Amino acid sequence: MRFLSIYKTAERSVPPSQEEMAKMGKLVEEGMKAGFLLAVEGCLPSALGARVRLSNGKLTVTDGPFTESKEVVGGLAILQANSKEEAIEMAKQFLGQAGDGECELRQLFEAGQNTQASMTANP
């Protein structure tokens, strides 16, 4: 099973330190070598981003920074796990390195998987 892990945290006003980057680099390297980490990306500050929304037929674009948000997406990862529980353990390990924040885990659709069983588990 593949899972999307969306890391949400309070936005920082300074980039990560060299020590933080090295620590995260080691974690990513180990995960890639072990085969459970398929992809990983970090996000630049929300000041460089935009939100595009369609609501009731009206399209709006809002440039960052997104000061009204308590948390922003700090990055994402694609995880390979044998179960949701295993993906949760991976997220716990990541947060132990990354610090405060949360990981939202979403199982990714794969052709041939039993989507009916997945949907009845989450009505």
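The values are calculated or read from the model by the stated rules, or taken from the named source; none is laboratory data. Since this is a predicted model, take the numbers as computed values, not measurements. We place every Cβ from the backbone using ideal geometry, glycine too, and count neighbours over all the protein chains shown. When the accessible area is computed, the model is the full protein with side chains, heavy atoms only, and any ligands, DNA or RNA have been set aside. Shrake-Rupley method; radii C 1.70, N 1.55, O 1.52, S 1.80 Å.
Descriptive notes on the structure:
- The conditions of being exposed (fewer than 13 other Cβ atoms within 10 Å of the Cβ) and at pLDDT 95 or above are not met by Arg12.
- Selection within region 75-94 - farther than 14 Å from Leu108 by Cβ, touching a strand residue (DSSP E or B) at 6+ places or on another chain (Cβ under 8 Å) and surrounded by fewer than 17 Cβ atoms within 10 Å (Cβ to Cβ): Ile88
- Selection status of Val61, open to solvent by 30 Å² or more (accessible area, probe 1.4 Å), closer than 28 Å to Gly31 by Cα and assigned to a strand (DSSP E or B): no
For (1) within 19 Å of the chain's Cα centre (by Cα); (2) not in a helix (DSSP H, G or I), each residue gets a yes or a no:
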| residue | (1), (2) |
| --- | --- |
| Ala39 | yes, yes |
| Val52 | no, yes |
| Lys70 | yes, yes |
| Asn82 | yes, yes |
| Glu86 | yes, no |
| Ala91 | yes, no |
| Phe94 | yes, no |
| Glu104 | yes, yes |
